[in-house]
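One structure is given below, encoded as structure tokens.
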There are 2 protein chains.
Amino acid sequence: MNIVKQENGFTVLHKDRTVFTHSLDKPAIFLGSGQGTFDMYRGNFDIKDYVESRLPMRAFRIDEEGDKTSITLGVEGEDYLTLTIYETEEGRLIVDFNSLKDEVNRFWMRVHATPEEKVYGCGEQLTYFNLRGKNFPLWTSEPGVGRNKNNYVTWLADTKDKAGGDYYNTNYPQPTFVSNDKYFCHLQTTAYADFDFRHDDFHELQAWNIPDYLLFDREDSFTALVGNISNVFGTQPELPDWVLDGVILGVQGGTDITLEKIERARKAGVKVAGVWNQDWQGIKMTSFGKRLHWNWEWSPELYPGLDTKIHELKEDGVRFLGYINPYVLEGQSLYKIAKEKGYLATKADGGDYLVDFGEFYCGVVDFTNDEACEWYKGVIKENLIGFGLDGWMADFSEYLPTDCTLSNGRSAELEHNDWPRRWAKINHEAIEECGKIDDILFFMRAGGTGFQRYCHVLWAGDQCVDWCIEDGLASVIPGALSAGLMGNGIHHSDVGGYTTLHGMKRTKELMMRWIDFCAFTPMMRSHEGNRPGDNHQFDTDDETLFHLGRMSRVFASMKPYLKAAIAENTEAGIPVMRPLFMHYEQDETAYDIQFQYLLGRDVIVAPVYNKEETEWKLYLPEDDWVHAWSGQAFKGGWVTVDAPLGEPPVFYRKSSEYADLFAALPQVAKA
Amino acid sequence: MNIVKQENGFTVLHKDRTVFTHSLDKPAIFLGSGQGTFDMYRGNFDIKDYVESRLPMRAFRIDEEGDKTSITLGVEGEDYLTLTIYETEEGRLIVDFNSLKDEVNRFWMRVHATPEEKVYGCGEQLTYFNLRGKNFPLWTSEPGVGRNKNNYVTWLADTKDKAGGDYYNTNYPQPTFVSNDKYFCHLQTTAYADFDFRHDDFHELQAWNIPDYLLFDREDSFTALVGNISNVFGTQPELPDWVLDGVILGVQGGTDITLEKIERARKAGVKVAGVWNQDWQGIKMTSFGKRLHWNWEWSPELYPGLDTKIHELKEDGVRFLGYINPYVLEGQSLYKIAKEKGYLATKADGGDYLVDFGEFYCGVVDFTNDEACEWYKGVIKENLIGFGLDGWMADFSEYLPTDCTLSNGRSAELEHNDWPRRWAKINHEAIEECGKIDDILFFMRAGGTGFQRYCHVLWAGDQCVDWCIEDGLASVIPGALSAGLMGNGIHHSDVGGYTTLHGMKRTKELMMRWIDFCAFTPMMRSHEGNRPGDNHQFDTDDETLFHLGRMSRVFASMKPYLKAAIAENTEAGIPVMRPLFMHYEQDETAYDIQFQYLLGRDVIVAPVYNKEETEWKLYLPEDDWVHAWSGQAFKGGWVTVDAPLGEPPVFYRKSSEYADLFAALPQVAKA
């Protein structure tokens, strides 16, 4: 680090890059106070701010104390904030913030930018990969249905349920970004934040409190940079081996149906690694569709005999996965226990705080209470792991209301964005304490700073069962790429999408395209959607089932390659699904590609995300590429290839040590 | 006025009401700087602000100098603003603002409020009459199509044309409000402003410059208050007598069609005061519908012989009205003259600035250039008045782009909201200089501070030809009431509405209800709409034509009463259409009634604004009321009456000196 003093200002540099610069004319930091309002309706937030003051911190005073530099900022005559700037042992730059004014609750900092710079990250962003030119409110919430105000589905969702969302809504926001200049910048806060990338010469980072610190580091390569980031937020464990053996079928409806579906799929040549039964604990019907009975224990009514069948299935090579979330259904046994023991978030007066999940209400387990965490971990250990589940969806955690009262005494507004980390930690520890990290997995849609070390797999949330760019198949790709840069190296999506509302129905073509796509991700798992009857399913007809068979074999045949890529994620923090620029830094075009990805080092995937396409145009960085289905060689540039169903545009490097494996894919698909 | 000094603050009172109060904790004024962006698309603006700073002006210093008190505000050690507070000769309170910092371009002032207070005004507001609980951006623009984001038409308009609008969009904004506490408050600025009535104990008035002054006054009655306001913004002339003789038929298509329509209407018993032919200067077709040929002179092609017919019609008691607006069509004669003489707004480099009006482009006549004003006034005198027009729609004036260059050197951003006043002045002076104020009228939809003294009649803009509350018939009523409180006492609307897009078609029922409504306003004028072929017209069938006949006779029969009410507007500034609380101050309910009005002192009108109603519920303040159609007596309260077509809910005061006139209405209607 290097702090250069100028007349009326100073500049902070790290590894030859300006981090921020301050002058009387262009102060780096503004402080003030605001009154925010959070209006939550079923996980969708209408957030407004009334900014009472925003004061440029023009006055500054620099003190050097050994390895640290302390800068006090304020307005003339009054000190507001002390920055303590130093390098960590690992060589990262830290700017610690220490507020000197209690009334300040708004923070804006201008980090240096250049006009042509591109930035990525901010958690899992589903509409834009390059975030420049927009601002990104960072608040974990429902991701929205449609997510584009010009989309009719979005309008219907907004009008009926306040649920349409916008380009920035995400289950997993994180106040961290990565630049094409090979640095990353993280603002440590769990408050509501907003990163504004609309300005030419600065990125303005806003937070609704004084953040703990700013973290900045730079590397010579993107692989080193994501490794660095991964070290900051925690390393993910490797996926259990069995996940790579085939598809995890998302099925529902009871023991017999599940067994029949497995049987039929296998007969059609489907490699079945597991079944995922989100209704293992029983269901309830609402106008939204089938919803689950949120009292986390096996439902012998819906799944008779599963307590023995689950073990037989496992011996037969089929894992059984279930579902849980951090809420307990009003009036049921877990709710009663939690309420009696004081494990639930409450109203300010201590009264019950029930959250509306759409025609039913739940208590929020208070994860700031260590005893409550231990108890909930116990529920997972006993009711899920103890029952024999090999994995589960650890759903939700975005619904912490800002006005509930928590046992640690901290404002729920400040805890809200930290809830996914707390939820991930409980799941991870339950598995770890059972010694099952290598064998059991869970997957989440919500996320936040530091949950990386706990969350085994991310899934892309609730895509629409249609072709819309912002909320359909296409949106999964920027989601995977942005999350991957934040240290979440293992990502997948519901095969076929999820949200089935407002007239949307999953077509056969969409289902088949999504199967094609997910065969080239580190995990393959289908979902029936919230209204299964409206959707084409993997077993709706034989053609689809055979298609799934083909693509599940393709997926399974890549196990050695995927296993190596997954290991690389754990060892070096390099995500399995990578932006093209990760390995082609000199390629300017690569920085603008948001609907293609590298799967590991040697494979490029360009999923078809529009309907009725017969060929597909895509970009290849300069290298020796082989088209997986035709064997045709490509050197790079914009190319168009045939893209029938079952032959998603996939290319591998001629020089790959796995070239023989890839060359065999057409054969595997046919077998 | 009275300025009370407190420890660390002061309070400014006027006529026993606190105007604003200042303390270190709660400063009255905040100053700062911002970077606004105005993205205009065909008169619809997307306006954003990046507020760089917002500084509470905590420090203050009070100096008394004779009758004036000067207060200097600032942040510690730096003066930012001097307030000069004094009373005018008329006893109004003025707070003059004098900026001491060039870089300040954002102003926020907190005017004292009480939690239960209700406020009205802000120009012509079409969605809300009581403005409390919302903020109102004040910027003259298209009013929006649908004006409710939950309305499908709004969504279509937004998606296709960025034209959906919202509750606050209006052609006529004004930074003035009236309180139920019988005061008014005006912020003299033509900059973008935003009045925020969401706070309990203050109204926050925002402007994007330092306003000239704040004006405040209070009266003992609402009639005195509107008289006071009218004195501030200017008194309107009386309507020409002939306007009250019947309906002005909005017709198009040429001389023969016009004569035929007059003939047929008269035969059906319609009292025809005039015809309004917006296409008198010829038409052009666009995808929006028929548009006019914006080169302001008689079209002998479309209207052969009109130069003589217009005088024959006048002798026959039928006035002929036309159309003009402040733009000139690219390439046409007026454009060429204006361009040659330098009468058009330009780009910064002096190049042509053409504004997109939807498939055609126009120059903006530069009204900051006195010569240009005289020239345009001459166009009106020669081409309109000289040709024999008895009136016209003076359309538009909301489209001044913020980035054009004007001859007075002032920023177009600051001129934008003043354009309607400049436009009104030109029209008024053209008529006045011809000595025709008593005989010729023009009507506008756009407005702004001070245009009252020039604008003879307001019309409610472009309602949708449907039943939506925010942009249909209903919306005219809060529009008339809010504008009326600002000193615009004469208001009317297009009978049947105007905007015919996105599948909307005017039904017969809507046309008949609108005829019923407009028979009880000070002017009755129909409009075919932008797609006449999609709409039910006054002469589409005999039933409608007879209906218009009935209601035009009703309207004409009220001439003595309306004439007196119109005179009262000119003399005392009391609008013709009045909120119920104007004369029933003690009635708490009256303050919440936004879809009814008093027509003059003695008549209450409650237009039916929903389809397929057979009866109508409405509110009557305590008085002796007579139902106009049944003669039934009412004392007040919520009542329900039969409301068939042709019998709009109308009540008159039993004690009215015009009681006999009203009692005859059923007979007049039948005749």
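The values are calculated or read from the model by the stated rules, or taken from the named source; none is laboratory data. Keep in mind it's a predicted model, so treat the numbers as computed, not measured. FYI the Cβ positions are ideal-geometry reconstructions off the backbone, even for glycines, and counts take in every protein chain you see.
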If I filter the range B:159-180 for residues that are within 25 Å of B:Ile29 (Cβ to Cβ) and hydrophobic (A, V, I, L, M, F, W, C), do I get at least one hit?
yes
Out of A:Glu359, A:Glu382, sole residue that is without any contact (Cβ under 8 Å) to a residue 12 or more places away in the chain and either surrounded by fewer than 19 Cβ atoms within 10 Å (Cβ to Cβ) or in a loop (DSSP other than H, G, I, E, B) (or both)
A:Glu382
State whether one or more residues within the range A:582-596 are assigned to a strand (DSSP E or B), in contact with a Pro (Cβ under 9 Å, 6 or more places away or on another chain), among the hydroxyl-bearing types (Ser, Thr, Tyr) and buried (at least 19 other Cβ atoms within 10 Å of the Cβ).
no
Every residue in the range B:135-188 that is within 14 Å of another protein chain (Cβ to nearest Cβ) and among the polar types (S, T, N, Q), please.
B:Asn135, B:Asn148, B:Asn150, B:Asn151, B:Thr154, B:Thr159
Can you tell me how many residues within the range B:276-309 are within 30 Å of the chain's Cα centre (by Cα), polar (S, T, N, Q) and over 19 Å from B:Leu334 (Cα atoms)?
3
Those residues of the range B:310-347 which are over 31 Å from the mean Cα position of the chain (by Cα) and of a type in the set (A, V, I, L, M, F, W, C), in sequence order:
B:Ile337
Determine which member of the set B:Asp642, B:Asp587, B:Asp624, B:Asp660 is under 27 Å from B:Tyr183 (Cβ atoms) and of a type in the set (Asp, Glu).
B:Asp587
For the list (1) hydrophobic (A, V, I, L, M, F, W, C); (2) more than 19 Å from A:Arg513 (Cα to Cα); (3) in contact with a Lys or Arg (Cβ under 8 Å, 6 or more places away or on another chain), I need the number of the one condition that A:Ala564 fails.
(3)
Among (1) touching a helix residue (DSSP H, G or I) at 6+ places or on another chain (Cβ under 7 Å); (2) in contact (Cβ under 8 Å) with a residue 40 or more places away in the chain; (3) among the charged types (D, E, K, R); (4) surrounded by fewer than 23 Cβ atoms within 10 Å (Cβ to Cβ), there is one condition B:Lys508 misses while meeting the rest; what is its number?
(2)
For the range B:426-483, name all the residues that are outside any helix (DSSP H, G or I), among the hydrophobic types (A, V, I, L, M, F, W, C), more than 14 Å from the chain's Cα centre (by Cα) and closer than 23 Å to B:Gly250 by Cβ.
B:Ile440, B:Leu441, B:Cys464, B:Val465, B:Trp467, B:Cys468
Answer yes or no as to whether B:Glu543 is free of Cβ contacts under 8 Å to residues at least 60 places away in the same chain, more than 24 Å from B:Gly487 (Cβ to Cβ) and part of a loop (DSSP other than H, G, I, E, B).
no
Among the residues of the range A:479-492, is any touching a residue at least 24 places away in the same chain (Cβ under 8 Å), under 25 Å from A:Lys290 (Cα atoms), surrounded by 23 or more Cβ atoms within 10 Å (Cβ to Cβ) and out of contact with any Cys (no Cβ under 8 Å at 6 or more places or on another chain)?
no
Quick check on the range B:549-594: of everything there that is over 18 Å from B:Ala659 (Cβ atoms) and among the small types (Gly, Ala, Ser), which residue is nearest to the chain's Cα centre (by Cα)?
B:Gly573
Somewhere in the range A:323-333, is a residue in contact with a strand residue (DSSP E or B) (Cβ under 8 Å, 6 or more places away or on another chain) and either small (Gly, Ala, Ser) or farther than 28 Å from A:Arg421 by Cβ (or both)?
no
With respect to A:Pro648, is the statement that it is in a loop (DSSP other than H, G, I, E, B), of a type outside the set (A, V, I, L, M, F, W, C) and out of contact with any helix residue (DSSP H, G or I) (no Cβ under 8 Å at 6 or more places or on another chain) true?
no
Pairs needed: first member in the range A:551-570, more than 23 Å from A:Met511 (Cβ to Cβ); second member anywhere, in a loop (DSSP other than H, G, I, E, B) and of a type in the set (Asp, Glu); C-beta distance under 7 Å; at least 6 residues apart or different chains.
A:Ile566/A:Glu238; A:Ala567/A:Glu238; A:Thr570/A:Glu238
Among the residues of the range B:612-645, what is the count of those that are touching a Pro at 6+ places or on another chain (Cβ under 6 Å) and assigned to a loop (DSSP other than H, G, I, E, B)?
3
Answer from B:Asp46, B:Asp63, B:Asp67, B:Asp25 - the residue that is under 30 Å from B:Gly363 (Cβ atoms) and either more than 12 Å from chain A (Cβ to nearest Cβ) or surrounded by fewer than 18 Cβ atoms within 10 Å (Cβ to Cβ) (or both)
B:Asp46
Listing of strands (runs of 3 or more DSSP E) fully contained in the range A:267-316 that carry 2 or more residues being buried (at least 16 other Cβ atoms within 10 Å of the Cβ):
A:272-276, A:289-292
Candidate set: the range B:75-95, residues that are more than 28 Å from A:Ser33 (Cα to Cα) and not hydrophobic (A, V, I, L, M, F, W, C); chosen: the one farthest from the other protein chains (Cβ to nearest Cβ):
B:Glu89
So, in the range B:189-200, exactly how many residues are of a type outside the set (S, T, N, Q), in contact with an Asp or Glu (Cβ under 9 Å, 6 or more places away or on another chain) and more than 14 Å from chain A (Cβ to nearest Cβ)?
3
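Conditions (1) among the acidic types (Asp, Glu); (2) surrounded by fewer than 24 Cβ atoms within 10 Å (Cβ to Cβ), marked per residue:
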| site | (1), (2) |
| --- | --- |
| A:Gly91 | no, yes |
| A:Asp96 | yes, yes |
| A:Glu116 | yes, yes |
| A:Gln125 | no, no |
In this structure, is A:Thr72 more than 14 Å from chain B (Cβ to nearest Cβ), modelled with pLDDT of 95 or more and surrounded by fewer than 19 Cβ atoms within 10 Å (Cβ to Cβ)?
yes
